[in-house]
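The values are calculated or read from the model by the stated rules, or taken from the named source; none is laboratory data. Worth saying up front: this structure is predicted, and the values here are computed from it rather than measured. Note that each Cβ is placed from the backbone with ideal geometry, even for glycine, and that neighbours are counted across all protein chains shown.
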Amino acid sequence: MESKTRYAEPLQIQLSYNQFVVQKNADSLSQEESLSSPPQGGNCVNWVIGHVNHARGTLAAVLGLRAFDPDKYKRYERGSAPLADPSEALPLDEMLADFQSVQEGIVNAIGSLDDGALDAKAPFSPVGNENETVGSLIAGLVFHESYHLGQTGVLRRLAGKDGAIA
């Protein structure tokens with residue numbers, strides 16, 4: 001994970017951990033189990049991974065990469081309703097393949113950025129920060145991904161599976 005700036009390596013490491021977490025927590029989950037929602041409401045594993053992929057598509061675009069069709073994950077956008085109808089859900093194995101398909105490109109692209117590129121004004125800010133930089137946007141998107149992938153561990157247990165990460 002060679003990088004041009006000391007700020008890139010922690011992001012690359014976090015993305016590697018995220019890859020590990022999603023693989024472990026989704027391991028052996030069926031499509032039906034991925035649609036199991038918490039009893040008090042909230043989103044299921046399927047929605048969470050779809051939502052992460054939606055954000056990964058954004059991250060890839062910020063880095064100048066083409067991920068998957070951006071409309072593919074529109075159902076999983078921020079603020080979208082929990083999945084109540086299984087026919088609206090994408091297949092879990094397909095979403096995991098999409099997650100993996102952009103992993104190396106995102107990690108490598110982050111490593112290719114120098115301090116000047118990271119300090120440049122971001123093309124947008126999801127939190128309305130008028131001082132958002134490319135670096136702070138990338139860091140925020142990686143944190144967002146980590147936050148949601150952590151949820152998959154709890155959701156895995158709520159779906160009736162043993163915990164996957166000791």
Practice item. Quick one: which residue in 149, 141, 137, 118 is more than 20 Å from residue 67 (Cβ to Cβ), touching a helix residue (DSSP H, G or I) at 6+ places or on another chain (Cβ under 7 Å) and either of a type in the set (A, V, I, L, M) or crowded, with 18+ Cβ neighbours inside 10 Å (or both)? Key: 118
Check your understanding: Any chance the stretch 142-159 includes a residue that's in contact with a Leu (Cβ under 7 Å, 6 or more places away or on another chain) and modelled with pLDDT under 95?
Key -> yes
Review point. Mind checking which pairs have a first residue in the stretch 42-65 that is under 24 Å from residue 117 (Cα atoms) and a second that is aromatic (Phe, Trp, Tyr) and surrounded by fewer than 20 Cβ atoms within 10 Å (Cβ to Cβ), Cβ under 6 Å, 6 or more apart or different chains?
Key: none
Exercise for review: Kindly indicate whether any position in the stretch 90-106 is farther than 17 Å from residue 67 by Cβ, of a type in the set (S, T, N, Q) and surrounded by fewer than 19 Cβ atoms within 10 Å (Cβ to Cβ).
Suggested key: no
Review point. Quick one: how many residues across the stretch 23-53 are surrounded by 20 or more Cβ atoms within 10 Å (Cβ to Cβ) and within 14 Å of the chain's Cα centre (by Cα)?
Key: 11
**Study point:** Residues (among the charged types (D, E, K, R), touching a residue at least 12 places away in the same chain (Cβ under 8 Å) and in a helix (DSSP H, G or I)) located in the stretch 112-162
**Key:** 115, 119, 145, 156
Point to revise | Top-ranked residue in the stretch 10-20 [being touching a residue at least 40 places away in the same chain (Cβ under 8 Å) and either of a type in the set (Val, Ile, Thr) or closer than 9 Å to residue 110 by Cβ (or both); ranked as surrounded by the most Cβ atoms within 10 Å (Cβ to Cβ)] | key: 11
